[in-house]
1. How many residues are open to solvent by 30 Å² or more (accessible area, probe 1.4 Å) and under 13 Å from the mean Cα position of the chain (by Cα) if we restrict to the stretch A:61-73?
2. Pull up the stretch B:1-13, narrow it to residues that are outside any loop (DSSP other than H, G, I, E, B) and not polar (S, T, N, Q), then point me to the one that is farthest from residue B:79 (Cα to Cα).
3. Does residue B:90 qualify as being of a type outside the set (S, T, N, Q), open to solvent by less than 30 Å² (accessible area, probe 1.4 Å) and touching a Pro at 6+ places or on another chain (Cβ under 6 Å)?
4. Quickly run through the stretch A:44-54 and pick out the residues that are of a type outside the set (Val, Ile, Thr) and open to solvent by less than 30 Å² (accessible area, probe 1.4 Å).
5. Of everything in the stretch A:15-39, what is closer than 18 Å to residue A:78 by Cβ, of a type outside the set (Ser, Thr, Tyr) and away from every other protein chain (no Cβ under 11 Å)? Give them in sequence order.
6. Scan the stretch B:48-65 for residues that are among the hydroxyl-bearing types (Ser, Thr, Tyr) and within 15 Å of residue A:99 (Cα to Cα) and jot them down.
7. Please work out which one of (1) at the interface with chain A (Cβ under 9 Å from one of its Cβ atoms); (2) of a type outside the set (S, T, N, Q); (3) out of contact with any Leu (no Cβ under 6 Å at 6 or more places or on another chain); (4) open to solvent by less than 40 Å² (accessible area, probe 1.4 Å) is the condition residue B:40 fails and give its number.
8. Out of B:30, B:54, which single residue is open to solvent by 10 Å² or more (accessible area, probe 1.4 Å), over 20 Å from residue A:35 (Cα atoms) and free of Cβ contacts under 8 Å to residues at least 40 places away in the same chain?
Amino acid sequence: RKEVEQDPGPFNVPEGATVAFNCTYSNSASQSFFWYRQDCRKEPKLLMSVYSSGNEDGRFTAQLNRASQYISLLIRDSKLSDSATYLCVVLGTGRRALTFGSGTRLQVQP
Amino acid sequence: DGGITQSPKYLFRKEGQNVTLSCEQNLNHDAMYWYRQDPGQGLRLIYYSQIVNDFQKGDIAEGYSVSREKKESFPLTVTSAQKNPTAFYLCASSTTGDIQYFGAGTRLSVL
């Protein structure tokens, strides 16, 4: 089983739609969780950290369920500029290095 | 401008050749990392360093080597032992080992 699993997509949605991505992780001792965004042929950039209480940044909402080892990202009112690959990222214990999911590709269409 | 600079942007390797990818940061971060990304896949950790003069192997270290002689610099050498080096190589740095910031990457291809 992969340490971090994501649905690869692609998710094709119209502008203005609400879309949700899910991610599961295998290490119950994982400490920190993030969503990164990666545009085609570019480096990943931090979108948001994920906290147990859930957190929101504008149109983006991230939630963590430690009991189910599950992370989600909700994007409301999708824009064309949201088209990208969204990477679920987990910080494990011990070596202090991040483990990346393979990413979920989102294509927002006009 | 603070940030992480990777060079070159594109690199070509001949059979049996070692090549070195540069990564420099002026963010005063203690930790630095090297990842490899293959098409349609996530990032895989090659090597990381939490402090100067110390580094650890990641998940796919075979065929690669690194050094950390200065806090600002963490070069990666792709040796001839790496039989499938074609990939997108990303360098990152962080202060606490949590949020990592990435350079723009180097695309390595084999001639």
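The values are calculated or read from the model by the stated rules, or taken from the named source; none is laboratory data. Just so we're clear, the structure is a prediction, and the values are computed from it rather than from any experiment. Backbone-built Cβ (ideal geometry, glycine too); neighbour counts: all protein chains shown. For the accessible areas, the whole protein counts, side chains as well, though only heavy atoms, and no ligand, DNA or RNA atoms are used. Shrake-Rupley method; radii C 1.70, N 1.55, O 1.52, S 1.80 Å.
1. Filtering the stretch A:61-73 for residues open to solvent by 30 Å² or more (accessible area, probe 1.4 Å) gives A:63, A:65-70.
Subsequent filtering for residues that are under 13 Å from the mean Cα position of the chain (by Cα) retains A:63, A:70.
Result for the stretch A:61-73: 2.
2. Taking the stretch B:1-13 and keeping what is outside any loop (DSSP other than H, G, I, E, B), we get B:4-7, B:10-13.
Okay, now just the ones that are also not polar (S, T, N, Q), so B:4, B:10-13.
Working: B:4: 23, B:10: 17, B:11: 14, B:12: 13, B:13: 10 Å.
The extreme case among them is B:4.
3. Values: of a type outside the set (S, T, N, Q): yes; open to solvent by less than 30 Å² (accessible area, probe 1.4 Å): yes; touching a Pro at 6+ places or on another chain (Cβ under 6 Å): no.
No, not satisfied.
4. Of the stretch A:44-54, the ones of a type outside the set (Val, Ile, Thr) are A:44-49, A:51-54.
Listed by number, the residues that qualify are A:44, A:48, A:49, A:54.
5. Result: A:15, A:16, A:17, A:19, A:20, A:21, A:22, A:35, A:37, A:39.
6. Matches in the stretch B:48-65: B:48 only.
7. (4)
8. Values: B:30 fails: free of Cβ contacts under 8 Å to residues at least 40 places away in the same chain.
Step by step, each of B:30, B:54 is checked, and only B:54 is open to solvent by 10 Å² or more (accessible area, probe 1.4 Å), over 20 Å from residue A:35 (Cα atoms) and free of Cβ contacts under 8 Å to residues at least 40 places away in the same chain.
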